[in-house]
Structures are given as C-alpha cells and as structure tokens.
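In what follows, a single structure is set out as structure tokens and then discussed.
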Amino acid sequence: MEQFVFFGGKGGVGKTTVSCAYGYKCAAAGLRTLVVSTDPAHSVSDVFDQQFDDDPASVDGVDNLDAMELDPEDEVQRHLSEIRENLSEQVSAAMVNEINKQLEMSHGTPGAYESALFDAFVSVMREESEPYDRVVFDTAPTGSTLRLLGLPEFLGDWIDRLMYKRRQSIDLFEKAAIGNNEPRRVMDGDPVLARLERRKEFFEYAAETMRTNAAFFLVLNPDQLSVNETERAIESFADRDLSVRGLVANKLTPEPDDDESGRGARYLRERVATERERLEQVETEFEPPLVAAIESRTREIRGELLTQVAAELDVDPAAPERAPN
Ligand SMILES: Nc1ncnc2c1ncn2[C@@H]1O[C@H](COP(=O)(O)OP(=O)(O)OP(=O)(O)O)[C@@H](O)[C@H]1O
Ligand SMILES: [Mg+2]
C-alpha cells in the first residue's frame, strides 16, 4: 500500500469512522501512522475521545498512531491571508483594497473552500509526512478538487508564459538602465517569479504524489443515492487517470435469526434484501472491489468497536517500499 491513503464518500457514510479504523489497523501492524481529518465537526476527536488540532499529536493508548484535525474554515482564512500577503508585496496600496474585496467574495464560493482544503492536504503530504509510514486522510479529493490535478500541465504552460513575460519585462528594464546593476538583482530575487515557481512546483508535487504514492478508497452505504454518488466519484477519478483502489460498504443492516418472525425481524429481512440488491449492483457494475461490508452497530464506533471494524477492513496495511536514502 502507498504511503498516502484517502477515504472519501458522501456526507455521513462513515469516512471518519473508516479512516480511524484503518489508521488503527496500520498502527497495530507496526506502521507509524498519522490520521488527518478535515471534518469541520471534529469527529476524529470524538472517535478517540481526545482533542486534536492542526499539529500531529499521539493518540492516547494506541502505539504508533498520531492524529491531526484541519479546520476547513481556518484553512480558507489562511489561504486568503497568504494571497493578501503576497499581493501586498506586489501591487500598490490602492489596488490591494480593490483586490481584497474581490477575494472576500470569491472565498465564499465552494470552489475556494475546496481548493484551500486541497492545499492543506498537499501541505501535510509535503511537510508532515516524513516521520510516517502511512498517512490516512479522512476525505478524498472530490471531483472538483481532482480537477486541480490537471493544473500542472495547464498551470505549467501558463506559468512558463508568465515567467517568460516577467523576464522579458525585467530584461527591457535592464536594457533601459545600462550601466546600472539593479535590474539583474531584480531578476534574481523577483518575488513574482519566485511565487509563480513555487506554485507550479506545488501542483507538480501534488499530481506526481497522487499518481505514484496515494491510494483512494470510497466509503458508501447500501442505498441508491450513495451508490449513484459512488459511481460518479469513480468516474471523476478515472477522468483524472486515477483509480479507486476499493470500496467500503458501511452501515449494513444486520440479519435477524431464522427463528425470529416478529415485525422487527420482517423489517430487517426486507431491509437486508434491498441492501443486497444495492451491493450486488456495486459488485457487478463497478470496477473497484468491495473491500469491506461493515454492519450497523447499535452505537457509535469507538473503543472496542473500532478494533472490530479495523478487523473487518480487508485493506492491506503493509508498508510501502521506502526508497533507499
Ligand atoms: N457501522 C456503523 N455502525 C454504527 N454507527 C456508525 C457506523 N459507521 C458510522 N457510524 C456512525 O455514524 C455517524 C457518521 O459516521 P462518520 O462520522 O464516520 O461519517 P462521515 O462520512 O465522516 O460523516 P461526515 O460527512 O459528516 O464527515 C457517526 O456517529 C458514526 O459513529
Ligand atoms: Mg467525517
């Protein structure tokens, strides 16, 4: 298995639960593991009954397991102030005001929220993953964030053109100032060029890592809406030449014993039959294999239940081959 493992899926299907269970499984197998959540409800803190923030901290009572929670709202704000800071170095004060207004508006949109989260994922992959054999992300990139992975080619060309223009204008400036060494220094330390280069490199890293060192799983529930959503998600991964490694069916209704015939038992039997049809569709029509079918428990998955769910996940925790240094 790759170093980075993502669990995605529709709201409430069990992404956080399954991510924590898989993190636990990896840690129990002796891998140094980090679980990263971007859940605004701080559910990882709920699962482990312990407060986490945006610095990795060890999970009490579980060897090899760390967790961190990124708050999407904070990430959007951080994103925004970074852009502001960069701009204030580069444009006049009058422009900054105008641009600020535009930025505020654009950051209310879902695209901005997702791209801030995408940046946050990638930053964790780049800056926090070194000590870990496995980093488990609760929430896979969505269709719209996956589109960002197409950016290196697109952005690359665009940045190359911008950089060319920028160099040209510095060059012109230099020619106009013969005998003065200033422009050469401008070219070397130009903040705009430096920022463009950093951005391009960031997206290149993201695309490369997602392709070569990440595995994606989708969590679903055995109902039509969730199955449809999963189908669309598989397609959007395929559109980006990425594949979904496996599907985790969660919250399956348990079957009553054969000798039970009351109203409750009849309800459960019918429900189980419906869910079987949905799962059959998943198994016959979808390419990625079903790697777990987890029953609904009578209470939230924590403690001992988490260990049970971890055992039900047929997802190999084996460590990735680490390139020799
Ligand atoms: N197999 C299960 N049996 C019983 N409860 C479950 C099961 N799986 C998940 N739950 C519960 O369902 C709720 C939602 O699960 P979870 O938080 O993992 O979903 P999620 O996909 O991360 O949700 P969100 O989209 O809000 O982040 C939680 O209270 C969790 O404890
Ligand atoms: Mg969640």
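Worth a mention:
- Total residues in the stretch 35-77, condition away from ligand 2 (no atom under 16 Å from the Cβ) and under 21 Å from T142 (Cα atoms): 3
- Exactly one residue out of E255, E280 is assigned to a loop (DSSP other than H, G, I, E, B) and away from ligand 1 (no atom under 14 Å from the Cβ): that is E255.
- Positions within the stretch 286-301 being of a type outside the set (A, V, I, L, M) and under 18 Å from L242 (Cα atoms), in sequence order: F286, E287, P288, P289
- The single condition from (1) part of a helix (DSSP H, G or I); (2) within 16 Å of ligand 1 (Cβ to nearest atom); (3) hydrophobic (A, V, I, L, M, F, W, C) that A41 fails is (1).
- Only residues that are in contact with a Cys (Cβ under 8 Å, 6 or more places away or on another chain) and more than 15 Å from Q3 (Cα to Cα) were counted in the stretch 24-49, giving 3.
- Taken together, G30, G12, G61 contain a single residue that is over 15 Å from the mean Cα position of the chain (by Cα), within 15 Å of ligand 1 (Cβ to nearest atom) and part of a loop (DSSP other than H, G, I, E, B), which is G12.
- Residue check, A310 in contact with a Cys (Cβ under 9 Å, 6 or more places away or on another chain) and touching a residue at least 40 places away in the same chain (Cβ under 8 Å): yes
- Test: V47 is more than 8 Å from ligand 1 (Cβ to nearest atom) and of a type in the set (A, V, I, L, M, F, W, C): no
- Taking residues in the stretch 39-52 that are at negative phi, and partners anywhere that are more than 9 Å from ligand 1 (Cβ to nearest atom) and part of a loop (DSSP other than H, G, I, E, B), the pairs with Cβ atoms closer than 7 Å and at least 6 places apart or on different chains are P40/D71; V44/F52; S45/Q51; S45/F52; F48/V59; Q50/V59; Q50/D60.
- Any hit, the stretch 258-272, residues being surrounded by 13 or more Cβ atoms within 10 Å (Cβ to Cβ) and either touching a residue at least 60 places away in the same chain (Cβ under 8 Å) or under 20 Å from the mean Cα position of the chain (by Cα) (or both): no
- Members of the stretch 218-252 found to be more than 19 Å from the chain's Cα centre (by Cα), in a loop (DSSP other than H, G, I, E, B) and buried (at least 17 other Cβ atoms within 10 Å of the Cβ), listed by number: N221, P222
- Among the candidates P317, P288, residue that is away from ligand 1 (no atom under 16 Å from the Cβ), modelled with pLDDT under 95 and not in a helix (DSSP H, G or I): P317
- Qualifying residue in the stretch 303-319 (condition: within 26 Å of G143 (Cβ to Cβ) and not aromatic (F, W, Y)): yes
- The single condition from (1) part of a loop (DSSP other than H, G, I, E, B); (2) within 16 Å of ligand 1 (Cβ to nearest atom); (3) under 19 Å from the mean Cα position of the chain (by Cα) that D55 fails is (2).
The values are calculated or read from the model by the stated rules, or taken from the named source; none is laboratory data. What you see is a predicted model, and the numbers here were worked out from it, not measured in a lab. Note: ideal-geometry Cβ built from the backbone for every residue, glycine included; neighbour counts use all protein chains shown.
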